């Protein structure tokens, strides 16, 4: 099972969890947890969460829900809003496989990405199936 969490904007009458967006519209914001089957690639679970819940708590809630439903081995794909030491440590603690986006401006990202950036853009590291360049850096 693969989890995909994304942040979405909803035009709703409840303004308790409002936030600005790139269009400078003051709309209610929600967090949407959307889970897909790894083999079928079809959604089988979703949950709407208030947009004013910090992302660490959102991830914790998702993990608790998955545990309650009996799913233990899940792979999580997270947007960069979930990039935090607390989230990463929590996923490591639970032995989860995850892919998480990070801002390129972070020192940790620049330190590890800059030395391999040119290597990544070679055809040797191009994955035609996914149409992107990939590179794994051994530690």
Please indicate, with yes or no, whether at least one residue in the stretch 69-76 is farther than 22 Å from residue 35 by Cβ, in the same structural domain as residue 27 (by TED's automatic domain parsing) and more than 13 Å from the chain's Cα centre (by Cα). no
Before we move on, is residue 67 assigned to a helix (DSSP H, G or I) and at pLDDT 85 or above? no
Of everything in the stretch 26-44, what is modelled with pLDDT under 75 and either within 13 Å of residue 77 (Cα to Cα) or part of a loop (DSSP other than H, G, I, E, B) (or both)? Give them in sequence order. none
Kindly establish whether residue 91 is surrounded by 10 or more Cβ atoms within 10 Å (Cβ to Cβ) and over 18 Å from the mean Cα position of the chain (by Cα). no
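The values are calculated or read from the model by the stated rules, or taken from the named source; none is laboratory data. Quick caveat, the model's predicted, so the values are computed rather than measured. For neighbour counting, all protein chains shown are included, and Cβ atoms are generated from backbone atoms with ideal geometry for every residue, glycine included.
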